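To keep things clear, I will list the structure first and then write my remarks on it.
The values are calculated or read from the model by the stated rules, or taken from the named source; none is laboratory data. Here the structure is a predicted model, which means the values were calculated and not measured. So basically every Cβ, Gly included, is an ideal-geometry build from the backbone, and we count neighbours across all protein chains shown.
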């Protein structure tokens, strides 16, 4: 037991400096009720899209973590320091959200992003279903088959 604890402490102390140098952007997506939005599409676009973009989906808790960009040829590239980025969040049933921010370096944890449900307005259209047709209007859209 004591040996396992020493191993754990050593591994954490060695991993901490490695993690401290990471450049990453993280955050979470929720709905207006504070519930996590799983499988929302998250797209990160730098001010110069030629440097690459990043596209992913949120996990079941609505979280995301971005630590690199993907160039057009498929290669990975580092997050550009001192760069303005646009974060776009999309999920069917919600309005698209775009948020600009300035990334300096290191770890950036964005505030929780709240998506707003997309609403559909339904209006009634008056339709006369009484069967009262004006004189001369047969109500038929096609030809007559009488006498054939």
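Kindly check whether there is at least one residue in region 97-112 that is under 14 Å from residue 41 (Cα atoms), within 19 Å of the chain's Cα centre (by Cα) and surrounded by 13 or more Cβ atoms within 10 Å (Cβ to Cβ).
yes
Checking region 125-147 against the condition returns no match, with no residue being in contact with a strand residue (DSSP E or B) (Cβ under 9 Å, 6 or more places away or on another chain) and either modelled with pLDDT of 95 or more or not in a helix (DSSP H, G or I) (or both). Residues in region 105-118 include none that are modelled with pLDDT under 75 and on the phi < 0 side of the Ramachandran plot. Of the residues screened, residue 43 is not one that is in contact with a strand residue (DSSP E or B) (Cβ under 9 Å, 6 or more places away or on another chain), modelled with pLDDT of 95 or more, farther than 19 Å from residue 93 by Cβ and surrounded by 14 or more Cβ atoms within 10 Å (Cβ to Cβ). Residues in region 48-61 that are at pLDDT 90 or above and assigned to a loop (DSSP other than H, G, I, E, B) were compared, and the one that is surrounded by the most Cβ atoms within 10 Å (Cβ to Cβ) is 58. Criterion applied to 96, 120 was being closer than 20 Å to residue 26 by Cα and free of Cβ contacts under 8 Å to residues at least 24 places away in the same chain, and the one residue passing it is 96. Filtered by the rule that a residue be assigned to a strand (DSSP E or B) and more than 30 Å from residue 119 (Cα to Cα), region 70-103 gives 70, 76, 77, 83, 84, 102, 103. Residues in region 15-40 that are at pLDDT below 90 and either assigned to a helix (DSSP H, G or I) or within 15 Å of the chain's Cα centre (by Cα) (or both): 15, 16, 17, 18, 19, 20.
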